[in-house]
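The next block holds one structure in the form of structure tokens; read it before the comments.
Nothing in this text is a laboratory measurement; each read-out follows from the coordinates by a stated rule. Keep in mind that what you see is a predicted model, and the values were worked out from it rather than measured. As a convention, Cβ positions derive from the backbone with ideal geometry for all residues, glycine included, and neighbour counts pool all protein chains shown.
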Amino acid sequence: MERKDTLTRRHLLRTSATVAAAATLAACSSGADGPGDGPTRAGASAKPNAKGSLTKQPAVPADLREAPMLAARVKAGDLPALKQRLPGNPYVVPHRWLSPGKYGGNLLLNTPSTDDGSTKEFMYGHSPLRWLNDGLDIGPGLVESWEPNADTSEWTLHFRQGLKWSDGQPWTTADVMYWWEDLVLNKEHPEVPPDDVRSGTNSVAKLSAPDEHTLVLTFDAPAPILPERLAAWVKRGNGATWMQPKHYVAQFHPKYNKKITSEEWFNTHDDRADWARNPACPTMTGWRLTSYQEGRSLVFERNPYYWCVAPDGAQLPYIDTITVSAVTDPQVRKLQVTEGRVDYCHGPFVGIGLPDVSALKQATERSGIDVLLWNSGSGTGTLFFFNYDYPEEKMRTLIRNPKFRQALSHAYDRDEVRKSVYFNTGEKTTGTTHPSAYEYLVNDDGRQMYQHWRDSYLAYDPEKAKSMLDEIGVVDRDGDGLREMPDGSKLRITLDYAADADRTNIQKNDVIKKNWLAVGISTELNPVPPTTFGERWEAGQLMSYTTWEVSDTPLIYPAPVVPVPPAHWAPLHTQGFTLQTADPDKLRTQANVDPWKRQPPWLLAEEGTPIDRLWKLYARVRVETDRMKQVQLLWEIYKVHVEDGPFFMGCVAEAPQVTGVHRDLRNVPARENLVSGGWVNAWTHPTPAVYDPEAYYWSNPDQHT
């Protein structure tokens, strides 16, 4: 048997690889020998030190210009002139790092599948409002201006006049009202009202359109966070739909086409309305789909009616076409990048992360790909949380004991995860929300709140963990080296995860298992078939969840800070929360049924419990119109996590995220161009869409056709 302190060859190789990767990451971050060095690096512009985005939209340039391919069509008479295609006041991309670009070329991407949602994360064109400065500001989008009444219970949105769909047909508020009246409010259609249109009391707003360019949302209570909700997600993509081209999709709706008699008409309707799968469907994005080969590829070409321009007056996008290849095998996707068969890859979409940086750097000469590191915006890194609603009563009681969770947090060596998984980047954390959120940056109290939560149960202290476990009666009663339940029965923790989980999550699980076994807690890895994992979690059947992260703030996406969506740490409570407004009759009729046998399984929070306090604070923050009072209520929510948590255990916050960028591609921001260095992991802050890929351009487009 090997001695534990023997330096084996395997350990030496692993240590050497970690040191090499850490050195490479340091070089990337510092600008030495590559991506951080000088104005010709990947993503550089003529303004390499320019930071952030203007919060007031720049004036529309007097002289507008268009791509040569469109100018030729205008000359041939098959396309209207540029001014007829743009709105009267087009959106001017406000990023300070932009330089005037060149038209032309093709951009090569890859994706896990042709219907993968990540493709839509490149295009922000359907969003009413837009995030700026890594979520610290909100700017206009399709909506040119907006204003609330005195208590924010009514909002008026003024859309740009002269907007057109990609087929040249006018965009009007009728396209919003079609989505609202004929789909969302239609009981035959499965779409439900999104959070965007829910008030602070969780009731649904009323929408009306006084004219073709004005939309009014009327709530029964203050709705101060509507602008954040309108900027979040890629609309008509991975977030709420918000609009459909009525002139096209109405032909698939039985209200407008009496020939349709199928009760499942909505399946065909929604398939035809998917602009990223159906080339015939009009879109408002910078590129429109021209070819879709299931399981193989997608091809997009510039939308002649795209409503955004560069600061120099160039109608965007600069790049003619995007070709996306579907590659199911993650290793093949990585190989394509290192072989130069991909021009741009956002790491989280294709399974490329920090462990791949060394290989990417070594292949730069061959591939032309440089490494760009943006801040992830994650407050946790790969995390762990127990099922607070676990069906077995003894285990559930133990899970709900904060000292049990606190003890296990102190038994968790996050430094080992930081070294082995994150290559000594980021900062160790108990687990928080997005570290650069407004409520932390607003003042010293905010910064102290973040640090207090981050450090609350961070210290790796196995002896303290053992003492805390002893204190709550979780001790080794039979002398086998493993601790039992307070009543003497067996205690066993399973680290549950979908069997196809990313290796990063499994590496972290290996550390947790080793750490908790060291303090006497029987811990086992439990891969679960991916097809059943979500269903079993929402039914409350699994003990833990080990493949998530927290990158959002509660005002945009409350879970997992406030248990609302079921995919987080209190799945039955979240379903109870939803039923309070969605189906209150079910709460009454199933009140005497076992919670885990209800359909769906649900629980309501008992008075004074942490979840009850979180729900009540969340209800208050949603209707608070004073910004500073809103922030203070968020702090109160976070204090519940400090006092009664941790409800989720993070490991490393703000570890950088990898993006591969061809050295000839311009206007891709470097980390130093971004106000917070990036906030790229949260799909509520859609990346790279928020950085306007339509403004990316080739320095030599003729070489990238």
Give me the orientation-averaged projected area of the Cα convex hull of segment 590-684, in nm², one decimal. 11.2 nm²
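Which order, highest average first, do 235-243, 513-521 follow once you tally other Cβ atoms within 10 Å for each residue and take the mean per peptide?
So the order, starting with the most tightly packed, is 235-243, 513-521.
Restricting to Cα pairs below 8 Å that are 6+ residues apart, what does the relative contact order work out to for segment 227-314? Please round to a whole percent.
Relative contact order of segment 227-314: 15 percent.
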Debye sum, Cα scatterers, segment 107-265, no solvent: what log₁₀ I/I(0) at q = 0.15, 0.19 1/Å? -0.90, -1.34
Note on the chain: the mean projected area of its alpha-carbon convex hull, in nm², is 32.8 nm²
Using alpha-carbon coordinates, inclination of helix 9-30 to the longest axis of the chain, degrees: 40 degrees
When only alpha-carbon atoms are used, what values of Rg and Dmax, in angstrom, describe segment 544-600? 13.0, 38
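Using the per-residue mean of other Cβ atoms lying within 10 Å as a proxy for protection, in what order, highest first, do the peptides 164-171, 366-373, 281-288 fall?
281-288, 366-373, 164-171
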For segment 254-300, I need the span (max minus min coordinate) of the C-alpha atoms along each principal axis, in Å, sorted largest to smallest. 34, 24, 12
Set LYS120/LYS235; LYS83/LYS164; LYS164/LYS259; LYS235/LYS255; LYS428/LYS508, cut-off 18 Å on Cα-Cα distance; pairs above it are LYS164/LYS259; LYS235/LYS255
For GLU212, what charge total do you get from the other residues with a beta carbon under 14 Å from its beta carbon, if Lys and Arg give +1 and Asp and Glu give -1? 0
Expressed as a rounded percentage, what relative contact order does the chain have, with Cα pairs under 8 Å and six or more residues apart? 21 percent
Students often forget the sequence filter, so: which lysines lie under 22 Å Cα-Cα from LYS258 once same-chain residues fewer than 8 apart are removed? LYS187, LYS246
So for segment 337-494, what are the equivalent ellipsoid semi-axes in whole Å, largest first, each being the square root of 5 times an eigenvalue of the Cα gyration tensor? 39, 21, 14
Pull up all non-local amide H partners of LEU132: gap of 5 or more, or a different chain, and H-to-H distance under 5 Å with H placed in the peptide plane. ASP137, ILE138, GLY139
Lys/Arg +1, Asp/Glu -1 at C-beta; segment 520-626 dipole; positive extreme among TRP548, PRO558, THR574: THR574
In cubic angstrom per residue, the convex hull of segment 128-195 built on its Cα atoms measures 147 Å³
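When the Kirkwood hydrodynamic radius is evaluated over all pairs of different C-alpha atoms of segment 633-675, what value in angstrom, to one decimal, is obtained?
14.3 Å
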What is the set of long-range amide H partners of GLU144 at a cut-off below 5 Å, with H atoms built 1.01 Å from backbone N? HIS158, PHE159, ARG160
Using just the Cα positions, wrap segment 70-119 in a convex hull and report its mean projected area in square nanometres, one decimal place. 6.4 nm²
Using the alpha-carbon centroid of each, what span in Å lies between segment 349-421 and segment 232-256? 36 Å
Whose amide H sits under 5 Å from the amide H of SER153, counting only residues 5 or more places off or on another chain, with H placed in the peptide plane? ALA223
Out of TRP97, THR425, PHE647, whose Cα points farthest toward the positive end of the dipole of the chain (charges: +1 Lys, Arg; -1 Asp, Glu; placed on Cβ)? TRP97
Over segment 320-403, what is the relative contact order in whole percent, taking alpha-carbon pairs under 8 Å and six or more residues apart? 20 percent
Any idea what angle helix 462-471 forms with the longest principal axis of the chain, computed on alpha-carbon atoms, 0 to 90 degrees, nearest 10? 70 degrees
Please compute the Kirkwood hydrodynamic radius over segment 223-367, one decimal place, Å, based on all pairs of different Cα atoms. 18.5 Å
Ranking LEU107, THR173, ALA209 by how far each Cα lies towards the positive end of the charge dipole of segment 73-219 (+1 on Lys and Arg Cβ, -1 on Asp and Glu Cβ), the top one is LEU107
If you take the alpha carbon radius of gyration of segment 153-237 and divide it by 2.2 N^0.38 Å, what ratio comes out, to two decimals? 1.12
Only Lys, Arg (+1) and Asp, Glu (-1) charged, at Cβ; the chain dipole about Cα centre in debye: 1080 debye
Could you give the C-alpha radius of gyration of segment 299-381 expressed as a fraction of 2.2 N^0.38 Å, taking N as the number of residues it contains? 1.34
Quick check: the distance between the Cα centres of segment 303-346 and segment 120-136, to the nearest angstrom? 17 Å
